Protein chains: 2
Amino acid sequence: MVSAPSGTGKTTLCTNVRQTPDLVYSVSCTTRPQRPGEQDGVDYFFLSKSEFEKKMQRGEMLEHADVYGHYYGTPKGPVLEHLAAGRDVLLDIDVQGARQIRGSRDAKIQEALADIFIMPPDLEELRRRLQGRGTENAQQIAKRIQAADAEMADWKSYRYTILSSSMEEDLIKFRAIIRAERYLSRRLNLHHG
Amino acid sequence: MVSAPSGTGKTTLCTNVRQTPDLVYSVSCTTRPQRPGEQDGVDYFFLSKSEFEKKMQRGEMLEHADVYGHYYGTPKGPVLEHLAAGRDVLLDIDVQGARQIRGSRDAKIQEALADIFIMPPDLEELRRRLQGRGTENAQQIAKRIQAADAEMADWKSYRYTILSSSMEEDLIKFRAIIRAERYLSRRLNLHHG
């Protein structure tokens, strides 16, 4: 799983990482309205509030959160199916969701888990990036900066931390981590010894 | 540190890895005679038996072994100096040496440590590679195969295991591991949080 405060380019990074062979992107569920250009089952699974709550009650969510009045969550079934088929799954998740998943009692999830935090260079640079993006007003940017500051305190809970520089550099580092994790002896099942 | 039975191409791999920036190759000490073309301080530090024993007694060897009547060992000083200067050090070492280093009480060594085992595809392929190399007779090859078989049992003691395929593939995997290890949160010293 990968976490990063807004403005660290995590979404672009994950979009690029999605090209990596044998890596499947976990599609989240949400109750927020579908936006123009978004595809159900690709960008999100768009659920009604009652559908989402039913899934939660059945324990079918690895993690979930209420963000500004909308539910977001990671459905457990597809993740377990991909892992069983030997595919790595990429979760793009906030620090609260990451905490929930780290606390999961599912052994398959625990075995598979590796977490990466993308650290923005500093809050000033983050502010510049958010302003440059031009999609939020000053108040929204201030709110995101505050949230980012709080999230950044969690970096030590992640096995890896990438200090964000250019998208190209971040991507090289990200891919190196994904590759290296596959060669951990504890993940291998060899017959010798 | 990297360990591999003979014939897995570890020496060629390490020679290629030596080109990696910020990675320094640890030059071993030995009491075996210098061969034509070998440079003192580059291929090995060539020491007399008494010089080597003095270093051992002073605790200046991270590990040492007596191989076919000659001492081989890793001098501690250069490794600690490189680590203090923020450089990663590559140790090309056998499984017995690796065990000694894992048992080191030096906290700087323990913190820095990451170990990789290069696993030959199988003993038959290893035999073909050794025969193809043409530098050993049948008896020497049999001895190396036997040693390799014993060494291969140790792979689980290493954090990473690379199943040797082509030199190019092995090198890509090796470099990914070295990169990824640098992004471990526990190795980073950030001010936030």
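Just so you know, all these numbers are worked out from the coordinates, no wet-lab data involved. Keep in mind that what you see is a predicted model, and the values were worked out from it rather than measured. Because the Cβ atoms are built from the backbone with ideal geometry, glycine has one as well, and the counts that use them run over all protein chains shown.
Here is how the numbers come out for the structure above:
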quantity	calculated
Dipole axis of segment A:57-193 (+1 Lys, Arg; -1 Asp, Glu on Cβ), positive-most option in A:77, A:141, A:164	A:77
Charge dipole magnitude, Cβ of K and R +1, D and E -1 - chain A, Cα centre, debye nearest 20	280 debye
Virtual spin-label span in nm between residue B:110 and residue A:124, 7 Å along Cα→Cβ	4.0 nm
Approximate spin-label separation residue B:88-residue A:139, in nm, with each point projected 7 Å along Cα-to-Cβ	4.8 nm
Contact order relative to length of segment B:2-187, as percent, for alpha carbon pairs under 8 angstrom and 6 or more apart	28 percent
Neighbour-count order for B:191, B:82, B:64, A:70, fewest beta carbons within 10 angstrom listed first	B:191, A:70, B:82, B:64
Label 7 Å beyond Cα on the Cβ vector: residue B:22 copy-to-copy distances, nm	2.7
Only Lys, Arg (+1) and Asp, Glu (-1) charged, at Cβ; the protein assembly as shown dipole about Cα centre in debye	340 debye
For segment A:16-26, Karplus couplings with θ = phi - 60° (6.51, -1.76, 1.60), whole Hz, Gly/Pro x	5, 5, 4, 6, 4, x, 6, 10, 10, 8, 7
Scattering profile of segment A:139-193 at q = 0.13 Å⁻¹ [log10 I(q)/I(0), Debye over alpha-carbon scatterers]	-0.55
Convex hull (Cα only) mean projected area of segment B:15-109, reported in nm² to one decimal	6.6 nm²
Exam field: residue A:140 pseudo-label spacings to other copies (7 Å along Cα-Cβ), nanometres	7.2
D_trans [Stokes-Einstein, Kirkwood Rh over alpha-carbon pairs] for segment B:2-187, 25 °C, 0.890 mPa s, µm² s⁻¹	141 µm²/s
Eligible lysines near residue B:143 by straight Cα distance, threshold 22 Å, same-chain separation 8 or greater	B:10
Eligible lysines near residue B:49 by straight Cα distance, threshold 20 Å, same-chain separation 8 or greater	B:76
Over segment A:12-68, volume per residue of the alpha carbon convex hull, in Å³	116 Å³
Cβ neighbours within 10 Å from other chains - mean over A:50-58	0
Calculated label separations, residue A:37, copies of the chain, 7 Å along the beta-carbon direction, nm	6.0
Alpha-carbon spread of the protein assembly as shown, three principal axes, descending order, Å	77, 43, 32
15 Å cut-off, amide nitrogen to a point 7 angstrom out along residue B:153 Cα→Cβ, residues in segment A:160-192	A:191-192
Label-zone membership for segment B:59-88, site residue B:32, 7 angstrom Cα→C-beta point, backbone N under 20 Å	B:61-76
